[in-house]
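> The structure that follows is given in the form of structure tokens.
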Amino acid sequence: MNEATKAHGLDGTLVEPDWPPLNLDEVRTLLRSFPTAGDPIEILSSSPRPFSAAGVIRTHRGKVFIKRHARAVRDAKSLGEEHRFMHHLCANGIEVPRVLATAEGETAIEISDWTYEVHEIPAGLDLYEDAISWTPFHSADHARSAGEMLARLHLAAQHYDAPPRNPRALVASFSIFASQDARGALKQYLEARPILNQHLQTRRDCEEALPLLMPFHEELKPLLPSLDPLWTHNDLHASNLFWSDTSSRARATAVIDFGLADRTNAVYDIAQAIERNIVEWLVLMRDPENGEDVPVHLDHLWAMLDAYEQVRPLSYAEAAALAPVVALGHAEFALTEAHYFLGVLQSPEKARVATNDYLVKHAQWFRGPGKQKLLDPLRRWAETRERQAVRA
């Protein structure tokens, strides 16, 4: 039976979902278009992820995962961008969910105001099914396995040559601070998204955040030419991996949820993984006056980076760029969330959480406690690597 589920709220609490959960009649109608899925028997679980409705369905042929999006967020064309990237990764040795197709070969279909996709369940266990972003790995070994998987994904993606995605809500692009003129690029970003550009609070928060972030951009600018464009996942939290078992030494077996994928660069993707897994931002949201109390899991960070470099060593410029990109990388995600909250949910209150609690408060933290707790250790790590190379 499909019971009403709670969703992950912006502050980490469980809240009523913005989207109605899947129901069996809806699923039955949908799966008639997917001949390999089988007839649905029951909805086994409903996802707590907040930006869509999704669940695991038992059919007479096994299990499938169905996700329903509002068409204003993802239409069939935009889901096709994600599915083609996933297909490329699968063909190059990365375990990802196989996307099922209709008899006509379509991997996403639109019905009324919704867009649907149907996936097979990948190998492994959904160990972090209920974990939200900004919560840590269960162990350093999990962090290590995630770093290895991310490096393998980057190697597999290096010959994927699709263009960047068009401006839309909930896409983790990296364009503002990838420019030599961040203020001009921010202006272009907002103008391409009129609902953000016309929202006074969003513009005020951007004006407050930009001076806080500019020193990191100055640090990054000379390194930008060394960051090669690459299609990336951009949301490699532990909950977007499947795992071999429930132990503290479990290995990542598959990568899921490519909804934020876009053409960025490898350092940006690593920075997003750090932002999602290493810093417990929810502590800052609950107590913004005591940023020094925000946990930063450096043991997990070093395990993740070490494992990554065992597979794909970073260049010296990439390593040096990591600290400023970590500080800058949250900015466009906060704005794309605001785009979703204003344009789709029509919630100025939630949009302000994205632009004030996320964009501004995170920038303030990086200029304050975050410098000592995270950015300086990353800078020392990069300098140590360079000194070791000179001695060699």
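> With point charges of +1 on the Cβ of Lys and Arg and -1 on the Cβ of Asp and Glu, referenced to the Cα centre of region 176-249, which listed residue (N234, T202, L213) lies farthest in the positive direction of the dipole?
T202
> Suppose every K and R has +1 on its Cβ and every D and E has -1 on its Cβ; what is the size of the dipole of region 7-120 about the Cα centre, in Debye to the nearest 20?
Dipole about the Cα centre, nearest 20: 280 debye.
> With a point put 7 Å past each Cα toward its Cβ, work out how far E191 is from D306 in nm, to one decimal.
Taking the simple label geometry, E191 and D306 are separated by 4.9 nm.
> Looking at region 1-72, which GluC sites (Glu not before Pro) are in a loop (DSSP not H, G, I, E or B) and have at most 16 other Cβ atoms within 10 Å?
Filter output for region 1-72: E3.
> Right, next: In what sequence do S248, S133, S315 fall when counting other Cβ within 10 Å, fewest first?
The most exposed by this proxy come first: S248, S315, S133.
> Here's another thing I want to ask about it. So for region 140-391, averaging the separation of alpha carbon pairs under 8 Å that are six or more residues apart and normalising by length, what relative contact order in percent results?
30 percent
> Mind checking which of D75, D130, D269 has the largest fluctuation in a GNM of the chain, springs on alpha carbons under 10 Å?
Highest fluctuation among the options: D130.
> Another one. Where the centroid of each part is defined by its Cα atoms, how far is region 39-59 from region 95-138 in Å?
After rounding, the separation between the Cα centres reads 10 Å.
> Set Lys and Arg Cβ to +1 and Asp and Glu Cβ to -1, take the dipole of the chain about its Cα centre, and tell me which of G184, V294, T107 lies farthest positive.
Toward the positive end, the furthest listed residue is G184.
> A further question follows. Roughly how many nanometres apart are two label points built 7 Å out from the Cα toward the Cβ at D39 and V283?
If labels sit at D39 and V283, their model points lie 5.3 nm apart.
> Let me ask you something else. Roughly speaking, what is the stretch gain from K221 to R32, that is 0.36 nm per residue apart minus the C-alpha to C-alpha distance, in nm to one decimal?
Result: 62.8 nm gained on full extension.
> Oh, and also: Could you state the angle between the C-alpha long axis of helix 376-391 and the longest principal axis of the C-alpha atoms of the chain, as a value from 0 to 90 degrees rounded to the nearest 10?
Helix 376-391 and the main axis of the chain meet at about 70 degrees.
> Say R0 is 30 Å: what FRET efficiency, to the nearest 0.05, do D299 and Q201 get from their beta-carbon distance?
Step by step, r from the Cβ atoms, then E = 0.20.
> Using unit Cβ charges (K, R positive; D, E negative) and no other charged atoms, how large, in debye to the nearest 20, is the dipole of region 275-392 about its Cα centre?
300 debye
> Ok, one more. Can you tell me the orientation of helix 200-220 relative to the chain, as the angle in degrees between its alpha-carbon axis and the longest Cα principal axis, to the nearest 10?
For 200-220 against the chain, the angle is about 60 degrees.
> Any idea what Rg and Dmax come out to for region 7-120 if you just take the C-alpha atoms, in Å?
Rg then Dmax for region 7-120, in Å: 14.2, 42.
> Additional query: Does the chain classify as rounded, prolate or oblate by the C-alpha gyration tensor (a ≥ b ≥ c root eigenvalues; a/c under 1.5 gives rounded; else a/b over b/c gives prolate, otherwise oblate)?
prolate
> Related question: Mind checking the angle between helix 182-191 and the chain's longest principal axis? C-alpha axes, 0 to 90 degrees, to the nearest 10.
Here the helix axis deviates by roughly 30 degrees.
> Something else now. Residue separation times 0.36 nm, minus the C-alpha to C-alpha distance between E292 and D245: what's the value?
13.5 nm
> Taking neighbour counts of Cβ atoms within 10 Å as a proxy for exposure, in what order, fewest first, do S175, S145 appear?
Arranged by neighbour count, lowest to highest, S175, S145 become S175, S145.
> Roughly how many debye, to the nearest 20, is the charge dipole of the chain about its Cα centre, given +1 on each Lys and Arg Cβ, -1 on each Asp and Glu Cβ, and no other charges?
Here the size comes out at about 520 debye.
> So how many Lys-Lys pairs in the chain land under 21 Å Cα to Cα, not counting same-chain pairs under 8 apart?
Pairs that pass both the separation and distance tests number 9.
> Does region 9-56 classify as rounded, prolate or oblate by the C-alpha gyration tensor (a ≥ b ≥ c root eigenvalues; a/c under 1.5 gives rounded; else a/b over b/c gives prolate, otherwise oblate)?
prolate
> Remind me, relative contact order of region 323-392 in percent, using alpha carbon pairs under 8 angstrom and six or more residues apart?
Averaging sequence separation for qualifying contacts and normalising by length gives 35 percent for region 323-392.
> Which one, L44, P122, T13, projects farthest toward the positive side of the charge dipole computed for the chain from Cβ point charges (K/R +1, D/E -1)?
Positive-end residue among those listed: P122.
> Let me ask something else. Where a ≥ b ≥ c are the square roots of the eigenvalues of the C-alpha gyration tensor, would you call region 68-197 rounded, which needs a/c under 1.5, or, failing that, prolate if a/b is larger than b/c, or oblate?
Oblate.
Values in this text are rule-based calculations from the coordinates and carry no lab data. All values derive from a computational prediction rather than experimental measurement. Cβ sites come from the backbone with ideal geometry, for glycine too, and all protein chains shown count toward neighbours.
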